[in-house]
Amino acid sequence: MQVKLWCKRDYKYHCVFRYRDDISPSVERSRKDVRHCKSILKKKLFGRGKFDLDWFDVNETTDWNKNKKEIHVHILVGELPKNTRSINKPFPELLIDSWCKLDTSAQREYQYVGVTNNDKDDYEDVSYLLKSMKGNNNRYDDKFEWLDVENISRQVS
């Protein structure tokens, strides 16, 4: 529950980013793509400054496509801090744009960014990402590659 509260307090957006159908990246490749996406976003928001945005990403391998094991990325992203450059579009669109700049990304309509519902007691988006950490839902064992420590970041207070 403590990890859920940590996520609930600090994250505003839940992103699900997918790859093209002809790409089946390794977890390591997926992590590199997340770093690249984060770098693109950093340049847009902070220029050469420090990446000062709460960011928690998880690589999920799933069998929703029964023909292949497919990796996609879930990212919890915090509220934009005041020290960011001005942007000319809604932040969720900028998040999708940053992922879609990768040559491995699926088409834009397959990407998702939603607002995390901080008012709900069940913390749906956070619960989804953390469900295999509890160990009580065997259906999701081995579907998440925890944790992408290199890419997780916390806002400087």
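Every number here is computed from the coordinates shown, using simple stated rules; none is lab data. Computed from a predicted model, the values in this text were never measured in an experiment. Heads up, the Cβs are rebuilt from the backbone with ideal geometry, glycines too, and the neighbour counts pull from every protein chain shown.
Spin-label pair D103-N83: with each label point 7 Å from Cα along the Cα-Cβ axis, the two points sit 3.5 nm from one another.
Give, as a single signed number, the net charge of other residues whose beta carbon lies under 12 Å from the beta carbon of T104, with Lys and Arg counted +1 and Asp and Glu -1.
Values: positive: R18, R20, R29, K32, K101; negative: D21, D22, D33, D103.
Residues near T104 contribute +1 overall.
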